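Single-structure report; data block below.
The values are calculated or read from the model by the stated rules, or taken from the named source; none is laboratory data. All of these numbers come straight from a predicted model, not from anything done at the bench. With ideal geometry, Cβ positions are generated from the backbone for all residues, glycine too; neighbour counts draw on all protein chains shown.
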Amino acid sequence: MVTFKDIEFKSHPVGDGAHGKIFFPNGYGLSVVRFKVPGGYTYGSYTNDVTWEVGIIKGTPKKWELCYDTDITDNVLAHQTEEDINKIIKHIIRLPNENDWNNISGVKNGNKTKRV
């Protein structure tokens, strides 16, 4: 089972922090970030010393974007613990394949609609 511990982190390009991404076969993934504002002691992301900001992403390691149209969230998720992130990972893995949207009820005129 994939967990928070499987996410590969690198230094965050802005401030003191880390940014990790992980991708799944269904075309979705997770972006996890935490950083402090340069020269300061406050966080520039929706985090603190023990939580992370999480974004649902779609794409590949070379080309990806934040995704705001899943039933998980329509925004980034603030102040997520490792346990919270493990639950989010389980949910992302169960999302339908990003390439199979035309086979899912809820698609109208070729546009994705939020599933309930």
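Annotation: of all residues in region 1-33 being touching a Ser or Thr at 6+ places or on another chain (Cβ under 8 Å) and not hydroxyl-bearing (Ser, Thr, Tyr), the one that is surrounded by the fewest Cβ atoms within 10 Å (Cβ to Cβ) is Ala18. Selection within region 75-85: residues that are surrounded by 15 or more Cβ atoms within 10 Å (Cβ to Cβ) and hydrophobic (A, V, I, L, M, F, W, C). The member of this set that is farthest from Thr47 (Cα to Cα) is Ile85. Against the test of being touching a His at 6+ places or on another chain (Cβ under 6 Å) and either surrounded by 13 or more Cβ atoms within 10 Å (Cβ to Cβ) or modelled with pLDDT of 95 or more (or both), the options Ile56, Ile88, Ile72, Ile93 yield a single qualifying residue, Ile72. Restricting region 18-52 to residues that are free of Cβ contacts under 8 Å to residues at least 60 places away in the same chain and hydrophobic (A, V, I, L, M, F, W, C), the residue that is farthest from Lys87 (Cα to Cα) is Val37.
Scanning region 1-37 for residues that are of a type in the set (Gly, Ala, Ser) and either under 21 Å from Cys67 (Cβ atoms) or within 15 Å of the chain's Cα centre (by Cα) (or both) turns up Ala18, Gly20, Gly27, Gly29, Ser31.
For region 53-75, residues that are more than 17 Å from Lys90 (Cα to Cα) and either among the aromatic types (Phe, Trp, Tyr) or without any contact (Cβ under 8 Å) to a residue 24 or more places away in the chain (or both) total 6. A residue that is under 17 Å from Ile88 (Cα atoms), of a type in the set (Phe, Trp, Tyr), at pLDDT 80 or above and assigned to a loop (DSSP other than H, G, I, E, B) occurs nowhere in region 2-9.
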